[in-house]
Amino acid sequence: MFSSLKFGGQQICQLVKTSDRCVYSIASLHSNNFHFNAHRTTTEKSLPRRLNLYKSGDSVLKENLSSSLLRRNLASVTPAAIGKAVSKDERREFMAVFPDIVRDLTETHRQTEIPDVTKWYSKVLQYNVPGGKKNRGLALILAYRMLAPQSAQTPEKIREAQIMGWCIEMLQAFFLVLDDMIDGSETRRGRICWYRNPSVGLNAANDGIFIESGIYQLLRRYFVDKPYYFQAIDLFHDATHKTIMGQALDLLTAQSIAKYKLDKFTMDRYNSIVKYKTSYYSFHLPVALAMYMAGISNAEQHRQAKILLLEMGNFFQVQDDYMDCFGDPAVTGKIGTDIQDGKCSWLAVVALQRCTPDQRKILEECYGSHDPEKVDAVRNVYNQINLPHIFTTYEEDSYNLIQTHIQQMSGGLNLNLFFKLLDKIYKRDN
């Protein structure tokens, strides 16, 4: 799902090292066995397209080819910042704002004739919004602190960034409430999904919309007089629309199993799902909002940031797919159901690229079933193909390549922000 990724095109490009800083230029290459893309150098006002590993349908593609190529060309790249991107104090300060958010959203209705709704709304918000890692909201605050001039980082401005961060967390909660219902998920953030509470059920659909509506109440209350108010409204609407389209593609792909088996499980389709369902709202939205809040409206700077952030979103979702199958529910906070739900996951796509005819037959017979024996059969195929090792190699290589792309950004943005965001998701386990 990334504008930075293209596969299966007519022109195939080769990475050529043109300097010690690892700038790439285009060279045409066509091979039936190995396909990857580069793009123009940054002097041509574009970031290079990401090298895509494990995308070819050819099962002969070797990990050592990808890793040796990358390590040879990445030796001079500055390493990402080490340590937590956001301090514990900043997390506490962010959490301290949430009670005010709930109060702002519920006090509007206190003088009306619907006190029961106010009480319920408060319960909905407190159960669904503040849990989890809060990566998206904290990413906005981090981005604002690193992009805004020091003179603009007053307590009032930081509080506005925190409120905007909670708006993103509410968007995330809205998506999760509905997504859990659609997927039939059991747990979320270490406890039962909202819709599985006896007093909720299918009413959770209205509760999800209730959460989303609060975003625009907060934006109007706090930002209507800001120069970036229109951009903020537009970004939220656009991210919501794109995420819904990604969700639709995800569901349609899962439903296609009945008619097409696993034929629609391609890397191109997977990338489109991830781009729309995850990357826009999880990575692009927080930083784009922070840029506007920091007074950065230059179109080229926004374009470069967007390309890179969508690429990070792909990296993030591949990790999520891996943890859904191989992660520890006690750590991830949820029980993975991608196999049972027939999701077009990175694991499934790579397995289909590398499996034998007999293994493909098992996948076609078992994938998308809730029968525990069939779920185990799919996992057995994953292990036979050695997907954990493939993922580990992919994660390392992708991390290194995104570092290169950050190093090649031009236009004056603070590159340390992107290094910190990447460092935060690298080797994560939840």
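The values are calculated or read from the model by the stated rules, or taken from the named source; none is laboratory data. Note that the coordinates shown come from a computational prediction; the quantities given were computed from them, not determined experimentally. Here the Cβ is made from the backbone with ideal geometry for all residues, glycine too, and neighbour counts use every protein chain on show. For accessibility, only protein heavy atoms count, side chains too; no ligands or nucleic acids. Shrake-Rupley method; radii C 1.70, N 1.55, O 1.52, S 1.80 Å.
The aspartates and glutamates whose alpha-carbon is closer than 14 Å to the alpha-carbon of Lys361, local same-chain residues fewer than 8 away aside, are Asp263.
Counting other Cβ atoms within 10 Å, which chymotrypsin sites (Phe, Trp or Tyr not before Pro) in the stretch 262-371 have at most 16 and lie in a DSSP loop?
Details: sites: Phe265, Tyr270, Tyr276, Tyr280, Tyr281, Phe283, Tyr292, Phe315, Phe316, Tyr322, Phe326, Trp346, Tyr367; in loops: Phe265, Tyr367.
Within the stretch 262-371, no chymotrypsin sites (Phe, Trp or Tyr not before Pro) qualify (loop, at most 16 other Cβ atoms within 10 Å).
Under the simplified labelling scheme, the Ser297-Lys261 pair shows an inter-label distance of 5.6 nm, with each label point 7 Å from Cα along Cα→Cβ. The convex hull built on the alpha-carbon positions of the stretch 175-328 has an orientation-averaged projected area of 11.2 nm². Counting heavy atoms of the protein chains alone, Ile192 has an accessible area of about 80 Å² for a 1.4 Å probe.
Extension gain, Arg92 to Glu396: 0.36 nm times the residue separation minus the Cα-Cα distance gives 106.3 nm.
Please get the size of the charge dipole for the stretch 261-350, origin at its Cα centre, with Cβ charges of +1 on Lys and Arg and -1 on Asp and Glu, quoted in debye to the nearest 20.
Working: 9 positive and 10 negative charges, 57 e Å.
The dipole magnitude comes to about 280 debye.
Its Kirkwood hydrodynamic radius, worked out from the mean inverse distance over all distinct Cα pairs, puts the stretch 334-430 at 15.6 Å. Treating r as the C-beta distance of Glu156 and Asp268 and R0 as 45 Å, the FRET efficiency rounds to 0.45.
Hey, what's the per residue convex hull volume over the C-alpha atoms of the stretch 141-249, in cubic angstrom? Walk me through the numbers on the way to the answer.
Details: hull volume 14.3 nm³, N = 109.
Looking at the stretch 141-249, the number lands at 131 Å³ per residue.
Based on the Stokes-Einstein relation at 25 °C and a viscosity of 0.890 mPa s, and on the Kirkwood radius from alpha carbon pairs, the stretch 142-189 is assigned a translational diffusion coefficient of 191 µm²/s.
Rounded to the nearest angstrom and listed largest first, the equivalent-ellipsoid semi-axes of the stretch 242-325 from its Cα gyration tensor are 30, 12, 10.
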